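Engineer: Sharing a structure below in structure tokens format, with a few things to ask.
A short reminder: the numbers here are calculations on the coordinates, not readings from a lab. All of these numbers come straight from a predicted model, not from anything done at the bench. Neighbour counts run over all protein chains shown; Cβ positions are idealised from the backbone, glycine included.
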Amino acid sequence: MGLLSSRQHSTKELTNKLLLRKFELEETNPVIEFLIAKDYLSNERFAESVFRTCINRGYDWLYI
């Protein structure tokens, strides 16, 4: 939950961060599924966040 409190993450990104912290893949899958079910983790919100960041930094539609 600490990782999600700072910013949005994709499921792949969060899984990789948990694996770097020495969690096993078998342990991370149920956690990721739980976070998605409770709507704490959303790839759609992550994509929207990345899009907004690019727009705010002045990138145009062709770059994005």
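Engineer: Ratio of the chain's C-alpha Rg to 2.2 N^0.38 Å, to two decimals?
Structural biologist: Output field value: 1.29.
Engineer: Can you list the lysines whose alpha carbon is less than 18 Å from that of Lys38, not counting same-chain residues fewer than 8 positions off?
Structural biologist: Lys12
Engineer: Mind checking segment 6-64 for GluC sites (Glu not before Pro) that DSSP puts in a loop (not H, G, I, E or B) and that have at most 10 other Cβ atoms within 10 Å?
Structural biologist: Passing sites in segment 6-64 are Glu24.
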